[in-house]
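Working notes for the structure below.
The values are calculated or read from the model by the stated rules, or taken from the named source; none is laboratory data. Nothing here was measured: the structure is a model prediction, and the numbers come from that model. Here the Cβ positions follow ideal geometry from the backbone for every residue, glycine too, while neighbour counts run over all protein chains shown.
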Amino acid sequence: MSPGKGGALDRLSRLLYLIPAATRPDGARISELCRILEVEPQVLHRDVQVLAEREMYLAAGAPGSLQVEWEPAQDRIRIWSPGPFRRPLRLSRREAMAALLGFRSRVLSLGGPGEVGFRELAELIQSTLATPEEGDEGADALPVFDASLAEPDAEIRDEALDAMAQGRVLRFTYLKPSAAKAEWRRLEPYATIHAEGHWYLLGRDPESDGMRAFRMDRILEAAPTDDRFEFPDGFEAQDYARDARLFFQAPHEAEPEAVSIIYSSRIARWIRERYRGEELPDGSFRVTHPVVSREWLVRHVLGYGGEARAEGPAAEWIRSALSP
């Protein structure tokens, strides 16, 4: 098995196979995906990270609404989103240039009617690359969402994946949000999950004999130890996350409810970049969200500190949640 090619076209082709496979209700087998795509698990996990970095390009849903479960013990990966991936991923300038070269090569090799579609795509990419955004000199014409604060270090990610694959206890330093210095922790790592814009490492703390979830971008260094552990029978990452209210978890069969939220004129410009909606006379912006979790709705509206309000029955949901 090869370590996997890292080019934009190679990664895009893997994601085009991975997404429909992993979004099925039961997810997909990691080993089977690696065999078909001819890559190591670390490469596949990095592909999923790239997908998570661009989750804001989903057609609907909130920031961080994309959920990913990576469970090596069950040999399973599952991806869930509040809606289909209708909007294309935005590529960086280098990625777009790589795609352009690939399409041009394809045009030369096809000939005849088959080349028309590839030629049109190449022309579209070329015209976009040639037109930088107004007032943004020297910047990429196709910007990429900067999710660096939510992305774990590649070395730490690989150490955690190795520990999971080998069934070895992971020793690491962890910096709490309010702490002045990091502290050493130990964990029997069971799974990684992406939710609400962050990657989490889930597992059992051998000292306290309890389940814990650690944000991976707060892990400063990590290494597997020689201590071994056994994965618990029937462990389901989504069950633990739901019970711990780590993030909202909607079943695949959940029917979303249409909820209108009005964002004030002070933040409308940023909301407009993220969602499609309706301009209002006072400068505010109305967005209709497909909501599958009322808990998410409450957190989402309150997270804007008074600059967002729900309309209709959803307003009562929020008032009820805040009532003692």
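Things to note:
- Test: Ile156 is touching a residue at least 12 places away in the same chain (Cβ under 8 Å) and in contact with a Phe, Trp or Tyr (Cβ under 6 Å, 6 or more places away or on another chain): no
- Test: His252 is within 20 Å of Leu66 (Cβ to Cβ), at pLDDT below 90, outside any loop (DSSP other than H, G, I, E, B) and within 23 Å of the chain's Cα centre (by Cα): no
- Residue, surrounded by the most Cβ atoms within 10 Å (Cβ to Cβ), within region 209-223, restricted to residues that are more than 23 Å from the chain's Cα centre (by Cα) and farther than 19 Å from Gln238 by Cα: Ala223
- Cβ pairs under 6 Å, 6+ apart, first in region 304-324 and closer than 19 Å to Phe285 by Cβ, second hydroxyl-bearing (Ser, Thr, Tyr) and part of a loop (DSSP other than H, G, I, E, B): Glu307/Ser264
- Test: Leu246 is surrounded by 11 or more Cβ atoms within 10 Å (Cβ to Cβ), in contact with a strand residue (DSSP E or B) (Cβ under 6 Å, 6 or more places away or on another chain) and either at pLDDT below 80 or aliphatic (A, V, I, L, M) (or both): yes
- Test set (1) under 18 Å from Arg228 (Cα atoms); (2) touching a strand residue (DSSP E or B) at 6+ places or on another chain (Cβ under 7 Å) - Asp209 fails condition number: (2)
- Across region 261-299, the qualifying residues are those that are assigned to a helix (DSSP H, G or I) and among the β-branched types (Val, Ile, Thr), and the one among them that is nearest to Ile318 (Cα to Cα) is Val298.
- Remark: pairs (first residue in region 264-286, among the small types (Gly, Ala, Ser); second residue assigned to a strand (DSSP E or B); Cβ separation under 7 Å; 6+ apart in sequence or on different chains) = Ala268/Phe285; Gly277/Phe285; Gly277/Arg286; Gly277/Val287; Ser284/Ile262; Ser284/Tyr263.
- Qualifying residues in region 193-222 (those that are outside any strand (DSSP E or B) and in contact with a Leu (Cβ under 7 Å, 6 or more places away or on another chain)) - the one farthest from Pro72 (Cα to Cα): Arg218
- So Arg14, is it over 15 Å from the mean Cα position of the chain (by Cα), surrounded by 20 or more Cβ atoms within 10 Å (Cβ to Cβ) and modelled with pLDDT under 90: yes
- Just so you know, in region 300-324 the residues that are surrounded by 14 or more Cβ atoms within 10 Å (Cβ to Cβ) and part of a loop (DSSP other than H, G, I, E, B) include one that is farthest from the chain's Cα centre (by Cα), and it is Glu307.
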